Amino acid sequence: DAKTTQPTSMDCAEGRAANLPCNHSTISGNEYVYWYRQIHSQGPQYIIHGLKNNETNEMASLIITEDRKSSTLILPHATLRDTAVYYCIVIRDRAAGNKLTFGGGTRVLVKP
Amino acid sequence: KAGVTQTPRYLIKTRGQQVTLSCSPISGHRSVSWYQQTPGQGLQFLFEYFSETQRNKGNFPGRFSGRQFSNSRSEMNVSTLELGDSALYLCASSLRTGSSYEQYFGPGTRLTVT
């Protein structure tokens, strides 16, 4: 699976959009970009995933560049409850099993 | 719909002991995966069970084992505990194996080995 690079941390103002970048320059054609987040003392929570088209759900939007080498997770109106570590990962959809590996992620602090 | 539940939530054991952790997946989910999370190593995959069969295994020693029951509930066991086994153990369930379906994680069991 391709390796991802994310900033270590970022701050965001409550009510504003939070844009979280992720670099995955070695991604291959059959690999998906997944985003999870982990709020302190809880298990990881699935947010969104995509292959090459932009995706949106009730939690966030995912923008994938045309060359698929990077993506941005957008939290449209950040709240204090969005304070968490956000993980960007790349996995093959048809990989045997559902094994995930998270690296360091981006620690997002939403401030009032 | 109830989420993934894990028991116990916290556990303290001493070196050399063994421990069993339990996971109940979301109703209807047949795949259960186990992960170990530590500050230094991040999230690491242990193994996955689907329909009572181990489908995939991570790079952990044989002291780590698991099983899945016919109702999809799963247990993992760690024998001869070492200090380095102190970690948050997470269970995740999903509808099927080998697909793009998202995994739903439980709150985890925090194991401390002294």
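The values are calculated or read from the model by the stated rules, or taken from the named source; none is laboratory data. Everything numeric in this text was worked out from a predicted model, so none of it was measured. Positions of Cβ are backbone-derived with ideal geometry, glycine not excepted, and every protein chain shown enters the neighbour counts. All accessible areas refer to the heavy atoms of the entire protein, side chains included, with ligands and DNA or RNA removed. Shrake-Rupley method; radii C 1.70, N 1.55, O 1.52, S 1.80 Å.
Scan segment B:28-50 for residues that are free of Cβ contacts under 8 Å to residues at least 60 places away in the same chain, closer than 13 Å to residue B:94 by Cβ and open to solvent by 20 Å² or more (accessible area, probe 1.4 Å) and the total you get is 1.
What residue, among those in segment B:52-84 that are without any contact (Cβ under 8 Å) to a residue 60 or more places away in the chain and out of contact with any strand residue (DSSP E or B) (no Cβ under 9 Å at 6 or more places or on another chain), is surrounded by the most Cβ atoms within 10 Å (Cβ to Cβ)?
Going through the qualifying residues, I end up with B:61.
Can you tell me which of A:88, A:22, A:12 is more than 23 Å from residue B:43 (Cα to Cα) and not aromatic (Phe, Trp, Tyr)? Step by step, each of A:88, A:22, A:12 is checked, and only A:12 is more than 23 Å from residue B:43 (Cα to Cα) and not aromatic (Phe, Trp, Tyr).
Among the criteria (1) away from chain B (no Cβ under 13 Å); (2) more than 26 Å from residue B:37 (Cα to Cα), the one residue A:51 does not fulfil is (1).
Summed over segment B:1-12, the residues that are surrounded by 13 or more Cβ atoms within 10 Å (Cβ to Cβ) and touching a Lys or Arg at 6+ places or on another chain (Cβ under 6 Å) give a count of 0.
Within segment B:13-21, the presence of at least one residue that is open to solvent by 20 Å² or more (accessible area, probe 1.4 Å), more than 11 Å from every other protein chain (Cβ to nearest Cβ) and either assigned to a strand (DSSP E or B) or acidic (Asp, Glu) (or both) is confirmed.
Filtered by the rule that a residue be β-branched (Val, Ile, Thr) and closer than 12 Å to residue B:85 by Cα, segment B:26-41 gives a lone residue, B:38.
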